[in-house]
Amino acid sequence: MSAAIQVPSSDLRSELINWRQRLEATANDSRDSFEFSGLLREVTSAIERLSEPESYGICQVCHDLIGQAAMNVDPLAKTCLNCLTPAQLSELEDDLNRAWLIQGDLLPKQNFKFNGWEVSYHYEPAGPVSGDYCDLVSTDCGDLYFLIGDVSGKGVAASLLMGRLHAIFRSLIGSGFDVSQLVERANHLFADTTMRPYYATLVCGKASPDGRVEICNAGHCAPLFLHNGDVSPIAATGLPVGMFCQERYESANLQMQKGDCLLLYTDGLSEARDRTNEEYGHRRLNSFLAEASQPSASSVVSRLVEDARAFSSGLPIFDDLTVMAIEMVGH
Ligand SMILES: [Zn+2]
């Protein structure tokens, strides 16, 4: 039999006990207490399973591990995905479809134009939902913030954390922080509220109407600056967010001119694989960009995605994929 799932059981136990107490209090105060009785039984049963060795996190039908990601999403799960009934599967499918609709609503407008900048992006989940983060926020001061990131892991758990990053940055932008302070604050909030071992790599940048760009890279794939056929990477200056609360971040400054482009992507692009399991890789990406002299934001995104698809010759994508290009088009 497989080893029991690795959960911080004392934390989880106290969380579940706390949950049960709140449910009991709500049920006592509510006239419709029967609505809570089913959930109360589920929570009590999970607390009992935690006391039995090799019971919590194990499928009660096939006795295999349910999986850490699935347990993170539903700490009360008793069955693995393979052992769900057709009715349960269809309910899960409906749930995931609704989750994807909600995630789609968090994405920025396509072909975003603001104050001399044009942005195009491609966002594609490997499964029903994505753990990639992608956002554009324009401010009353005339600046455009662009964000791209990748939450560790995949699937629903990663997509929930993507939603958390989205909310954190949206609430911080506009508070007058510079880009590195913004990432520091976001890191603190994300690390404080996110269960280990999850973290996110990300790039946060601010584009001003005069072509100045301030950019901070927290452990993410290096953004590429395209200028007159030259391709220059902007290396990471900090650790991914969510690892340590007090991490310091630095930002780099760029002066972009009309026709220059900044390309951001997640490793779903650089680590796309062909039929021989070879990676798309940075060399192929760089030479593709060097040949596409002075591309527009929309053409570089669509041609790059086409090239990656041609490379993997129709294989399903292996990881969530996001590509974003920011072009200075001037006024
Ligand atoms: Zn099972």
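The values are calculated or read from the model by the stated rules, or taken from the named source; none is laboratory data. Source: prediction; values computed, not measured. Here the Cβ positions follow ideal geometry from the backbone for every residue, glycine too, while neighbour counts run over all protein chains shown. Quick note on the areas: whole protein, heavy atoms, side chains included, nothing else; ligands and nucleic acids left out. Shrake-Rupley method; radii C 1.70, N 1.55, O 1.52, S 1.80 Å.
Quick notes on this structure:
- Of the solvent-accessible surface of region 101-328, computed with a 1.4 Å probe over protein heavy atoms with every protein chain present, carbon and sulfur atoms account for 50 percent.
- Prolate/oblate/rounded label for region 64-139 (Cα gyration tensor, a/c 1.5): prolate
- Relative contact order (percent, whole number), region 9-85, Cα cutoff 8 Å, 6+ residue spacing: 22 percent
- Low-density loop positions, trypsin sites (Lys or Arg not before Pro), region 225-310 - DSSP coil, at most 10 other Cβ in 10 Å: Arg275
- Separation of alpha-carbon centers, region 217-240 and region 270-326, rounded to whole Å: 16 Å
- Structural descriptor for the chain: relative contact order 16 percent, calculated from alpha carbon pairs under 8 angstrom and at least 6 residues apart.
- The 1.4 Å probe gives accessible areas that order Lys109, Lys154, Lys78, largest first, as Lys109, Lys154, Lys78.
- Database remark: amide H of Tyr133 closer than 5 angstrom to the amide H of Gly149, Asp150, Val151 (H placed geometrically; neighbours at sequence offset of 5 or more, or on other chains; Pro and chain starts carry no H).
- In nm, spacing of pseudo-spin labels at Ala27 and Leu106 (7 Å Cα→C-beta vector): 3.2 nm
- Integer Hz, Karplus 6.51/-1.76/1.60 couplings in order for region 83-94, x for Gly and Pro: 9, 6, 6, x, 5, 5, 4, 5, 5, 5, 4, 4
- Per residue accessible area of the chain, 1.4 Å probe, in Å²: 50 Å²
- Cα-centred dipole magnitude for the chain, charges only on beta-carbon of K, R (+1) and D, E (-1), debye, nearest 20: 160 debye
- Cβ-based net charge around Leu224, under 12 Å, with every Lys or Arg adding one and every Asp or Glu removing one: -2
- Computed on protein heavy atoms with a 1.4 Å probe, the accessible areas place Leu92, Leu40 in the order Leu92, Leu40, largest first.
- If you take the Cα centroid of region 69-120 and the Cα centroid of region 146-190, the two points sit 18 Å apart.
- Reduced Cα scattering model of the chain, Debye log10 I(q)/I(0), q = 0.06, 0.14, 0.16 Å⁻¹: -0.26, -1.12, -1.34
- Dipole of the chain [Lys/Arg +1, Asp/Glu -1 at C-beta], most positive-end residue of Ser298, Ala252, Tyr199: Ala252
- Taking each DSSP H run with n ≥ 4 as -39500 (n - 2.57) and averaging over every residue of the chain yields -12500 deg cm²/dmol at 222 nm.
- Shape class for region 9-85, computed from the alpha carbon gyration tensor (a ≥ b ≥ c): prolate, with a/c not under 1.5 and a/b above b/c.
- Signed unit charges on C-beta, dipole axis of the chain, positive-most listed residue Phe311, Pro125, Val213: Val213
- Long-range HN-HN contacts of Arg212 with modeled amide H, under 5 Å: Met256
- Rounded FRET efficiency, nearest 0.05, which uses the C-beta distance separating Ala87 from Phe244 and R0 of 45 Å: 0.50
- For region 9-85, the carbon plus sulfur part of the accessible surface works out to 49%, probe radius 1.4 Å.
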